[in-house]
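Notes follow the structure.
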Amino acid sequence: MRLLEWTTGPELIADTPKTQFLSQPDAIINIEALKSGETGGLMNKIEANSRPLDSISDVKSGLVAYEVGKGTPPQTREMKDARIYHTTTPKTGFSKYLDGRDVCRYSIDWSGEFIKYGRNLAAPRDDFDLYQRHGF
């Protein structure tokens, strides 16, 4: 298979057997890897020594902390705006809180926030164990 890139005219990037691409998961063609000459050795090694994410975790929708009229007692606009169930100081009844921005591709960078978890939240998640760990 000949892969070409158009700049001012067609330029050959690689002339590679199509079986190389068909053997890859989802038959992905990585143009940048082909340009640099690294056609998958490192990726193959990483994939051979990795586990699928779903084998070590359960992916769930996160909780919803605030929504006017939800929770017990029902939340008001003032409660929501003041974020009354969040704190940066450890307190009894509060747990470490990971926001979406805390979870990065290769790390978890906790922002230092805590949350009072329970029926007070707009949509707590009861369908999984909040503190459970799988294979870590």
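The values are calculated or read from the model by the stated rules, or taken from the named source; none is laboratory data. Note that the structure is predicted; figures quoted are calculated from it, not measured. Here the Cβ is made from the backbone with ideal geometry for all residues, glycine too, and neighbour counts use every protein chain on show.
Residue-by-condition table, conditions (1) farther than 30 Å from Ala123 by Cβ; (2) touching a strand residue (DSSP E or B) at 6+ places or on another chain (Cβ under 7 Å); (3) outside the structural domain of Ala122 (by TED's automatic domain parsing); (4) at pLDDT 90 or above:
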position	(1), (2), (3), (4)
Leu22	yes, no, yes, no
Ala27	yes, no, yes, no
Lys35	yes, yes, yes, no
Ile46	yes, no, yes, no
Lys96	no, yes, no, yes
- Task: Can you tell me which residue among Pro73, Pro17 is loosely packed, with under 10 Cβ neighbours inside 10 Å and either in the same structural domain as Pro124 (by TED's automatic domain parsing) or of a type in the set (Val, Ile, Thr) (or both)?
- Result: Pro73
- Query: Out of all the residues in segment 56-67, is one or more modelled with pLDDT under 95 and either surrounded by 15 or more Cβ atoms within 10 Å (Cβ to Cβ) or in a helix (DSSP H, G or I) (or both)?
  - Reply: yes
- Note on the structure: Taking segment 94-119 and the residues there that are of a type in the set (Gly, Ala, Ser) and loosely packed, with under 10 Cβ neighbours inside 10 Å, the one that is nearest to Gly62 (Cα to Cα) would be Gly100
- Message: Which residue is surrounded by the fewest Cβ atoms within 10 Å (Cβ to Cβ), if the candidates are limited to segment 24-55 and must be among the β-branched types (Val, Ile, Thr) and not in a helix (DSSP H, G or I)?
- Response: Ile28
- Only one of (1) under 30 Å from Leu3 (Cα atoms); (2) aliphatic (A, V, I, L, M); (3) modelled with pLDDT of 80 or more fails for Leu42. Which number is that? (3)
